[in-house]
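The structure appears right after this line, and notes come after that.
The values are calculated or read from the model by the stated rules, or taken from the named source; none is laboratory data. Here the structure is a predicted model, which means the values were calculated and not measured. For neighbour counting, all protein chains shown are included, and Cβ atoms are generated from backbone atoms with ideal geometry for every residue, glycine included. For accessibility, only protein heavy atoms count, side chains too; no ligands or nucleic acids. Shrake-Rupley method; radii C 1.70, N 1.55, O 1.52, S 1.80 Å.
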Amino acid sequence: MAVVASLFAGGGGTPLFGSARKGVPKDPYGDSVLLSRRQYQLELNGTSEQWRERAGFALRRAVAQGSRGSDETISLPVSAYRGLGLEGLDELAGALGRRLDREHLRFGSVALKPVSAPH
């Protein structure tokens, strides 16, 4: 029981198994399977500006985690953009050279692919 309590007390800010790769920023909302206090507050009372901040950070983190280059499709969990919506997420992704892959929408996450250069 004490172990479970300590996991919740820690806020879920660190991964339960392993650690983040070097050079990938730590997620201030928590990158664990447990909700951090900050993510919990966002889920309860988050404003659109807070959700935009959360989704923007999650996008930058997902791009940084992709090690095979900028032409890789990345995935983003719904918990990172839920309060922003797909249109807001697509707008944020556009600023990072990505766009929502509407053909590959899945329950619980979305795929974002790189914007191809015009020919």
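Details
- Accessible surface comparison of F107, F57, probe 1.4 Å, protein chains only, largest first: the order is F107, F57.
- Ranked by the mean number of other Cβ atoms within 10 Å of their residues, highest first, the peptides 79-88, 94-103 fall in the order 79-88, 94-103.
- Note on segment 29-119: Kirkwood hydrodynamic radius from all Cα pairs is 13.5 Å, rounded to one decimal.
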